[in-house]
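K.L.:
Before anything else, here's the structure in question.
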Amino acid sequence: MRHLFVAIFSLLSFHMNANTPLISNVYSREIISLNGSWNYIVDPMDNGYYNHRLEPMKNGFFQNRKQKNPSELIEYNFYISTVLRVPGDWNTQYEKLFFYEGSIWFKKDFPYTKKEEKRTFIYFGAVNYRSWVYINGKFAGEHEGGYTPFNFDVTDLLKNGDNFVVVRVNNTRQKDNIPTVNMDWWNYGGITRDVMLVEVSDIHIRDYSIQLPKANPNVITGWIKLNKPVAGETISISIPELKINKQLTTDKDGTGYFEFKSKPQLWIPADPKLYEVIITRGSEVVKDEIGFRTIETKDKKILLNGKEIFLKGISIHEEAPYRNGRAWSKEDAEILLSWAKELGCNYVRLAHYPHNEYMVRTAEKMGLMVWSEIPVYWTISWDNPATYQNAENQLDEMIYRDKNRCAIIIWSIANETPHGEARDKFLSNLSRSARSKDNTRLISMAMDVAKLENNTNIMEDNMNEFVDIMSFNQYLGWYSGTPDDCRTRQWKIPYNKPVIISEFGGGALQGMHGNKTTRWTEEYQEELYTRSVEMFERIDGLAGVSPWVLKDFHSTRRQLPGIQDWFNRKGLISDQGIKKKAFFVMQEWYSKK
């Protein structure tokens, strides 16, 4: 068992910024929030970084310079610039930035008092898409990927008294990025999640894993990792409600392993039991709430804690529930997930990227199982090694942050990708990587239906051997055929694995009414959902669905004036929070499952 822990940990330890590995569970640490108003400068030509020869400048905007005398030429000034809210996207805060893609510089002043024998990290929940961070004019680090957290050790860059942080953010879409240039959601730019300073001891608990091993509900196993390879350190782990209080000693790598028999109450959607877990090293105390469950498949069934379960789901974008823009707060999560619960869900597909930590933790507390995904979406640069490394890093960061969240049952590695040898190699390697990092959860991806023969949709994908669940998106009645075609359409899925319809549905403008054959009306969407769920009853091995999508969301692909107006209108709830008629079709169907 110990060798397995070592192998898993060594892979989890990889991080794009190898010198500043992520501190787990930052919300349980000593933190100083940097949220609030930040000055910003729009920089479409990156004048704040490059000179006129496109060479990086020593005195870029990150220096936050002020005039020393009236004759000095400085062509920027953060202190008289306007402000943006952080967390937040820039697109929906100012109309002139609605379509903007490029660089924006952010600056925040803050006081700080340095503390003896403490290390200080600056932590970002997410910045879209690339970021360069400077403390008091000195480079702290950079990060690529718009939906996962990162941090840098800035202890030696801080000073007593007044400090400032400058962040250059760029959300320009590039062919070799993850996601690539073409996507069906808004490319929200900005510092989109919490920013904080995290204070820890020079030697501190950096990371830990606490869970049931695969298919074994009577043993709690895991490890606790220090930030330095220090042997002989004593760490205690306590789960008071289970009367567990154990001590362990770190090895030469600074890691302590544990395994003890216990029979915790298992987490289920109807009773999402979480236990307080307390990890202590000297005066350092890290607390978490941990649930215990097993998830596996057997033939065409999904088994939660050994019992078959049907996933009654909904797909969700990280879109604010009432206001326009990126969702990021606990309050946003509670509203969105309350809608899912009202729909009758026991599961949510968080598409098409890792959502903020509040969403995952709130889902866990509310009894919602989670599908978590990285944005390998549509046509990626399959042959580019750097693109693959980027994808694997985002996969690593997703698993790293959420490995202790029992609500997550599925790691998804892709959505609607075109078949081909390069794609198969890319995704099969991602699947292997995910399993090596975490073998206790299921692996899936949202596939496409391969072909139609004799009124039968045939599911074929070479990735079938690399996933636990055959999940696919289908839009009969919207992108092909009519809702009435669902009455006779048959399905052939030649794999002895559970099936999830990861997406289906169609668009409707809330409040637009007509007969059931008229596009964009609530009646058309209602009819499409009615016929779709009837069709699903004929699919052998169906183990769940997650219709597309909970609420209308911004997308630059959706241009139809008077109908879409830059929104994808497939939501069961409008962008103003009003339920459409199809919502109640799914609610009724779920009540009978």
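K.L.:
Among the helices of the chain (complete DSSP H runs), which have Cα atoms covering no less than 18 Å along the helix axis and a Kyte-Doolittle mean of at least -0.5?
P.N.:
330-343
K.L.:
Using only helices, what value at 222 nm comes out for the chain when you add -39,500 (n - 2.57) per DSSP H run of length 4 or more and divide by the total residues, to the nearest 500 deg cm²/dmol?
P.N.:
Counting only the DSSP helices, I get -5000 deg cm²/dmol.
K.L.:
So, one more: Please give the net charge around residue 135, taking every other residue with its beta carbon less than 14 angstrom from that of residue 135, where Lys and Arg add +1 and Asp and Glu add -1.
P.N.:
+2
K.L.:
Would you mind estimating how fast the chain diffuses translationally, via Stokes-Einstein at 25 °C and 0.890 mPa s with the Kirkwood radius over Cα pairs, in µm²/s?
P.N.:
So the translational diffusion coefficient is about 97 µm²/s.
K.L.:
Still on this structure, please answer the following. Can you give me the long-range amide H partners of residue 319? Hydrogens built in the peptide plane at 1.01 Å from N, cutoff under 5 Å, separation of 5 or more residues or another chain.
P.N.:
327
K.L.:
Output needed: percent of Cα pairs per 10 Å distance bin for the range 335-461, bins running from 0 to the one holding the longest distance.
P.N.:
12, 40, 31, 16, 2
K.L.:
Still on this structure: State the Kirkwood hydrodynamic radius of the range 334-401 in Å, one decimal place, computed from all pairs of distinct Cα atoms.
P.N.:
It works out to 13.3 Å.
K.L.:
Let me know the Rg and Dmax you get for the range 66-106 when you use only its Cα atoms, in Å.
P.N.:
Rg then Dmax for the range 66-106, in Å: 13.7, 38.
K.L.:
Per the Debye formula with a single identical scatterer at each Cα and no solvent contribution, what log10 I(q)/I(0) holds for the range 456-546 at q = 0.22 Å⁻¹?
P.N.:
-1.04
K.L.:
Let me ask you something else. For a quick size check, give me the Cα extents of the range 196-302 along its three principal axes, largest first, whole Å.
P.N.:
49, 30, 27
K.L.:
For the range 412-511, which GluC sites (Glu not before Pro) pass both filters: DSSP loop (anything but H, G, I, E, B) and at most 16 other C-beta atoms within 10 Å?
P.N.:
Sites meeting the loop and neighbour criteria: 460.
K.L.:
For the range 550-593, what are Rg and Dmax over the alpha carbons, in angstrom?
P.N.:
12.4, 39
K.L.:
Turning to a different aspect of this structure: Rounded to the nearest 5, what % of DSSP beta bridges with both residues in the chain are antiparallel?
P.N.:
75
K.L.:
When the accessible area of the chain is split by element with a 1.4 Å probe, what percent falls to carbon and sulfur?
P.N.:
Working: 11260 of 23150 Å².
Here carbon and sulfur together make up 49 percent of the probe-accessible area.
K.L.:
Write out the GluC sites (Glu not before Pro) in the range 516-593 meeting two conditions: DSSP loop, and at most 15 other Cβ atoms within 10 Å of their Cβ.
P.N.:
Sites meeting the loop and neighbour criteria: 537.
K.L.:
In Å², what does the accessible area per residue of the range 244-355 work out to with a 1.4 Å probe?
P.N.:
40
K.L.:
Name the shape class, rounded, prolate or oblate, that the alpha-carbon gyration tensor gives for the range 116-234, where a ≥ b ≥ c are the square roots of its eigenvalues, rounded holds for a/c under 1.5, and otherwise prolate holds if a/b is larger than b/c and oblate otherwise.
P.N.:
Oblate.
K.L.:
Still on this structure, please answer the following. If you look at just the Cα atoms of the range 406-487, how large are its Rg and its Dmax in Å?
P.N.:
14.8, 45
K.L.:
Running Debye on the range 507-587 with equal point scatterers at the Cα sites and no solvent, what base-10 log of I(q)/I(0) appears at q = 0.10, 0.13, 0.20 Å⁻¹?
P.N.:
The Debye formula, applied to the Cα set alone, gives -0.24, -0.41, -0.86.
The values are calculated or read from the model by the stated rules, or taken from the named source; none is laboratory data. As the structure is a prediction and not an experimental result, all values here were calculated from the model. Here Cβ is always computed from backbone atoms with ideal geometry, including for glycine, and neighbour counts include all displayed protein chains. Calculation scope for accessible area: heavy atoms of the full protein, side chains included, ligands and nucleic acids excluded. Shrake-Rupley method; radii C 1.70, N 1.55, O 1.52, S 1.80 Å.
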